[in-house]
1. Give the number of residues within segment 95-129 that are in contact with a strand residue (DSSP E or B) (Cβ under 9 Å, 6 or more places away or on another chain) and over 26 Å from Glu234 (Cα atoms).
2. When you check Asn264 against the structure, is it at pLDDT 95 or above and under 21 Å from Asp74 (Cβ atoms), yes or no?
3. Any idea which residue in segment 166-222 is nearest to Lys243 (Cα to Cα), counting only those that are within 19 Å of the chain's Cα centre (by Cα) and assigned to a loop (DSSP other than H, G, I, E, B)?
4. Quick check on this structure: which one of Ala50, Ala31, Ala10 is touching a strand residue (DSSP E or B) at 6+ places or on another chain (Cβ under 6 Å), farther than 25 Å from Leu153 by Cβ and without any contact (Cβ under 8 Å) to a residue 24 or more places away in the chain?
5. Only residues that are out of contact with any Ser or Thr (no Cβ under 8 Å at 6 or more places or on another chain) and either charged (D, E, K, R) or part of a strand (DSSP E or B) (or both): list them for segment 273-285, please.
6. Within segment 141-154, how many residues are out of contact with any strand residue (DSSP E or B) (no Cβ under 9 Å at 6 or more places or on another chain) and surrounded by 24 or more Cβ atoms within 10 Å (Cβ to Cβ)?
Amino acid sequence: MPSVKAFRAAFLDFTDDPFFTDESQSVRYFADGLLVVEDGKVKELGSWKAVRSKHPNVPITDYTGLLITSGFIDTHIHFPQTEMIAAYGKQLLEWLNKFTFPTERKFQDKEYAKKVASVFLQELLRNGTTTALVFAAVFPESVEAFFEEADRLNLCMIAGKVMMDRNAPDFLTDTAKSSYHDSKQLIEKWHHKNRLRYAVTPRFAPTSTDEQLQLAGKLLSEYPSVYLHTHLSEDADEIAWVKELFPQADGYLDVYDRAQLVTNRSIFAHGIHLTETEFQRLSEAEAAIAFCPTSNLF
């Protein structure tokens, strides 16, 4: 027999994207609603009167006076940075070298990565986040650990191995070819396994050679349903550095565009200092910016 239960409360959710549709058509609210769940999946949601009459005998947990929403989705987060949250760096590049890279070195140890993944996922859930687009570390072990823990919890998570073959410590770099082969193996093993999805993840343009970015683009063409997840225009010094490293490109976004990385499945983190041309190109490609208010302000 299926397990059926119901919850009474106020409910708020979204039935469409409010960026593209009118608020009245995209936001749904029931001041007094009933949510019916069967075997852990939503069966029905509506007003108390309408839904209760269809399920008169289902046991109810009464949360009257409280609000229930759908789980939140975090579109850009690094699970290896869990233990260094709020580490202060004056600017992005200093912060990476002083805090981030030494911390990520530990994620070559799969058991350590699993412990952090467990804490990270429980913290997400504790704060109402049920899906996230996640940076792992450069080590395939970090991705394996993360996906194993997410799968154990039956979560919908999107993650990928960082691709980084230059401008980082030797202990944290791969090669263009190894990043391609490692990512390929991870995609074949984890993408669409239960509720898990894969994102091809060059860290950001300065830590990848042209060859590595081109191979990232090759992965997108070989596996059209995966995502692309990277950083874009977070810091003025970073943008100047990109210009030095890629003089042939017409701006930061164009570095990714030349490698076929700007698509409707691409998510670029931050995007604070974009040009009008870059905004236009992102719009044409239907690519997304993961705007991170607290990080951007910090």
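The values are calculated or read from the model by the stated rules, or taken from the named source; none is laboratory data. The model shown is predicted, which means the values in this text are computed figures rather than measured ones. As a convention, Cβ positions derive from the backbone with ideal geometry for all residues, glycine included, and neighbour counts pool all protein chains shown.
1. Within segment 95-129, the first condition is being in contact with a strand residue (DSSP E or B) (Cβ under 9 Å, 6 or more places away or on another chain), and the residues that meet it are 100, 104, 120-121, 123-124, 127-129.
Restricting the remaining residues to those that are over 26 Å from Glu234 (Cα atoms) gives 128.
Qualifying residue count, segment 95-129: 1.
2. So Asn264 fits the description; yes.
3. Phe204
4. Numbers: Ala50 fails: touching a strand residue (DSSP E or B) at 6+ places or on another chain (Cβ under 6 Å); Ala10 fails: without any contact (Cβ under 8 Å) to a residue 24 or more places away in the chain.
Being touching a strand residue (DSSP E or B) at 6+ places or on another chain (Cβ under 6 Å), farther than 25 Å from Leu153 by Cβ and without any contact (Cβ under 8 Å) to a residue 24 or more places away in the chain holds for just one of Ala50, Ala31, Ala10, which is Ala31.
5. Filtering segment 273-285 down to residues out of contact with any Ser or Thr (no Cβ under 8 Å at 6 or more places or on another chain) leaves 275-277, 279-284.
Residues satisfying the conditions are Glu276, Arg281, Glu284.
6. Counting residues in segment 141-154 that are out of contact with any strand residue (DSSP E or B) (no Cβ under 9 Å at 6 or more places or on another chain) and surrounded by 24 or more Cβ atoms within 10 Å (Cβ to Cβ) gives 1.
For every residue, the table says whether it meets (1) in contact with a Leu (Cβ under 7 Å, 6 or more places away or on another chain); (2) crowded, with 16+ Cβ neighbours inside 10 Å; (3) touching a residue at least 12 places away in the same chain (Cβ under 8 Å); (4) of a type in the set (A, V, I, L, M).
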| position | (1), (2), (3), (4) |
| --- | --- |
| Val58 | no, yes, yes, yes |
| Thr75 | yes, yes, yes, no |
| Tyr88 | no, no, no, no |
| Lys114 | no, yes, yes, no |
| Asn127 | no, no, yes, no |
| Ala132 | yes, yes, yes, yes |
| Cys156 | no, no, yes, no |
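Let's see how each residue does on (1) free of Cβ contacts under 8 Å to residues at least 40 places away in the same chain; (2) surrounded by 18 or more Cβ atoms within 10 Å (Cβ to Cβ); (3) out of contact with any Leu (no Cβ under 7 Å at 6 or more places or on another chain):
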| site | (1), (2), (3) |
| --- | --- |
| Asp174 | yes, yes, yes |
| Pro202 | no, yes, no |
| Ser208 | no, yes, yes |
| Gln214 | no, no, yes |
| Asp250 | yes, no, yes |
